[in-house]
Amino acid sequence: MKRVVLIVPLVALLAALVWWSTRHNPGPDTPAIANASRVAAPPAELVARGEYLARAGNCMACHSARGGTPWAGGRAIDTTFGTFYTSNLTPDPDTGLGRWTATDFWRALHEGRSRDGRLLYPAFPYTSYTHVTREDSDALWAYLQTLPATQQASRPHVLRFPYDSQTALAVWRALYFKPAVFQADASQSAAWNRGAYLVQGLGHCSACHAPRNALGASEDADKLAGGLMAGQNWYAPSLGSPHEAGVQGWERDDVIALLRDGITHDASVAGPMAEVVYGSTQYLSASDLDAMATYLQALPAAPSAPATGRAITLDDAQRARAARLYADHCANCHGEQGEGSGPIYPALDGNRAVTLDPPANPLRIVLGGGFAPATQGNPRPFGMPPFAASLSDEDIALVVSHIRGSWSNAASPVSVIDVQRYRGNLR
Amino acid sequence: MKRLFESRPFRLPMQRLLLTCCALFSFSALAAPLVEDTMAQRVLACTGCHGAEGRAGPDGYYPRIAGKPAGYLHNQLLNFRDGRRQYPLMSELLQTLGDDYLRDMADHFAALDLPYPAVRATGPNAALTRGEELVRKGDAARDLPACASCHGDALMGVAPAIPGLIGLPRDYLAAQLSAWKSGIRQAHTPDCMAQIVKQLSAVDISAVSQWLAAQTVPAGARPAAMPARDLPLRCGGVPASQTAGGAAR
């Protein structure tokens, strides 16, 4: 309950700020399209660009329930503050955006406010989307208006006190959010600037890849220094660290292939990142992929966070059992010496996804298995079986400790408690 | 993987081949010892649970998937991915796979023609008699059609989308029927099985599951190509031409 203690005095202290920030702020001047939007059908190329930008923002993945009508909202997003449900973005007048104008929409994206002035929760990553230009916002809006209207009322969020109040949210925003449009850096190339715009804006990479503080705010969003995804049991590794997810030393083409195909000769994406590639980056144009790669490769290389120094050691019997488990269950695909098999089965020796700290990802992958995402460049990926149902917590901890500490890998072992912590719904 | 794998079989060193053959791996006995660019290699992620080549799993709960109608298997993979059936370990696995690839997987398992194990015979009892009656004749008094009217007289299913009912474990059958009753399992709408199950009591479910699980699948049995007569209800995911009144309904 430390967070409650922290937030109560803040609420009192910042009451004036709250009043100030909940005032209705009209958006900037409205270009012609806002008034024309519902009168004439928007031009086809504007709609096509909006559709492309919606891919770049991966809006549909969040705004569609599993198996539900696309864009009609209702997907649950679990966080440490409670469960958020996404909104209906179809043009239905009563339950969707049917009564909105292009300016209302821009205000949601740019300022995180709903049409009626209600402050929106940052589970909607407007802290990134605020960088999107008005022009791109209008294209997105034009596209959304072409969707079939679906009547589906948004489900109310289920949040814990005090996060369920607009006041707490206003305080949060006063502390951590300031609307801003992307500013190009004249000293950098056009490709770098385009990449920065995509990564910081629609790509919302910092929503996962930046560390978050106790109140869920991204810290130093542009450094992308890695963060645990609250409520999801995955760790989004640092894009600044070559030991985590940094791509500074890679060939440009490999960075592009990873974002487009989900797989390269020695890496593949998994879990939430597989969903990002599947729903978003695989659709980016060659020049946008090149721009994104340019920007990612130019991120300053930071040292990775110091290891947590866990004091777990394995005795000889445990070590022998761990090696046996590996030989029985993993070596078929990953090789006796963790050398992998060409581009089909990744090598585990020297693989940074194995040695990450916190060890959330290797544990999630061994528990849940997985396929790389099916993309145009890799339409029929190979699969890894889940072991959550066939190995005990003890054995999962042993076999993951084995791959983290064998061959050239020298990461700390994991404990049964780690397995239980990251297991989540995988049982 | 076209670009990466075009016509290149991937071979492991001989040494690993031998080690692989000796490993106590749940599916190594039947898995090809070479890492190859085949569908069987891709779906090793599935056969650990569903048994080598989809023969039926290690305990009474993992259903056999080999030899079932391809359209049915495809619908189930979509159902797990899209949340109409609930089993997190399967739905997470399928999250980033598209319809086309799931169709390829369904075709792969549907084409496997493997003998079913014989079932140990049990003596007759009242539940078995009741079960057989419901399966073969239904219950006209309750407006409950015979299971066989859709699942085929041989109960091996009807291509492309109706599954067989024999060769499945009893616990699995009972769990599926109960899941439909509580809404946890759903099919494409109109969900005819949900309507059927509404008419079944817990005792009925137990009786049909017991009788169905006690039937041995004859050698060479395959899903029927066509229903013997029109289906008594409309079923989502099943071609409309197989239903009474056909597409007009």
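Our coupling estimate for the range B:125-140, obtained by passing each phi through the Karplus curve with A = 6.51, B = -1.76, C = 1.60 and θ = phi - 60°, is 8, 5, 4, 4, 4, 4, x, 4, 4, 5, 5, 7, 10, x, 9, 4 Hz, Gly and Pro reported as x.
For the range B:67-81, the Karplus equation 6.51 cos²θ - 1.76 cosθ + 1.60, evaluated at θ = phi - 60°, returns couplings of x, 7, x, 4, x, 5, 4, 4, 4, 5, 5, 5, 4, 5, 4 Hz by residue, with Gly and Pro reported as x.
With the convex hull of its Cα atoms as the shape, the range B:38-110 has an orientation-averaged projected area of 4.4 nm².
The value given for the range A:27-176 is a Kirkwood hydrodynamic radius of 15.8 Å, derived from the mean inverse Cα-Cα separation. Extent of the range A:309-390 along its three principal axes (Cα atoms, max minus min coordinate, largest first): 46, 28, 26 Å. Karplus-derived 3J(HN,Hα) values for the range A:75-82, using 6.51 cos²θ - 1.76 cosθ + 1.60 with θ = phi - 60°, are 6, 7, 10, 7, 9, 5, 8, x Hz; glycine and proline are entered as x. Distance distribution P(r), the range A:92-192, all Cα-Cα pairs, bin width 10 angstrom from 0: 13, 38, 32, 13, 3 percent.
Return the percentage of antiparallel bridges among DSSP beta bridges fully within the protein assembly as shown, rounded to the nearest 5 %. Expressed as a percentage, antiparallel bridges in the protein assembly as shown total about 85. Across the alpha-carbon atoms of chain A, the computed radius of gyration and Dmax are 22.9, 76 angstrom.
Of all DSSP-defined beta bridges confined to the range A:27-176, some 90% are antiparallel rather than parallel. One quarter of the convex hull surface built on the alpha carbon atoms of the range B:106-249 amounts to 8.9 nm², the projected area averaged over directions. Sparse packing (at most 10 other Cβ atoms within 10 Å of the Cβ) combined with a DSSP loop state is found for none of the GluC sites (Glu not before Pro) in the range B:66-144. Label sites at residue B:114 and residue A:61, each approximated as a point 7 angstrom past Cα along Cα to Cβ, lie 3.4 nm apart. Amide H contacts under 5 Å for residue A:369: A:387, restricted to partners 5 or more places along the chain or on a different chain, H placed in the peptide plane at 1.01 Å from N. Averaging 1/r over each pair of different alpha-carbon atoms in the range A:375-427 and inverting the result gives 12.9 Å, the Kirkwood hydrodynamic radius.
Of B:181, B:198, B:137, the sequence from fewest to most neighbouring Cβ atoms within 10 angstrom is B:198, B:137, B:181.
Springs between Cα atoms under 10 Å define the GNM used for chain A, and in it the highest mean-square fluctuation of A:109, A:325, A:224 occurs at A:325.
With the simple spin-label model, which puts each label point 7 Å out from Cα in the Cβ direction, the residue B:194 to residue A:146 separation comes to 3.3 nm. Amide H contacts for residue B:158 (H built 1.01 Å from N in the peptide plane; partners 5 or more residues away or on another chain; cut-off under 5 Å): B:224. Near the amide H of residue A:383, within less than 5 Å, lie the amide hydrogens of B:44, B:45, all on another chain or at least 5 residues away, with H placed in the peptide plane.
The orientation-averaged shadow of the Cα convex hull for the range A:190-297, equal to a quarter of the hull surface, comes to 6.5 nm².
Modelled spin labels at residue A:118 and residue B:100, positioned 7 Å past Cα toward Cβ, are 4.1 nm from each other.
Bear in mind these aren't lab numbers, they're just calculated from the coordinates by the rules spelled out. As the structure is a computational prediction, the values presented were derived from the model and not from experiment. Here the Cβ is made from the backbone with ideal geometry for all residues, glycine too, and neighbour counts use every protein chain on show.
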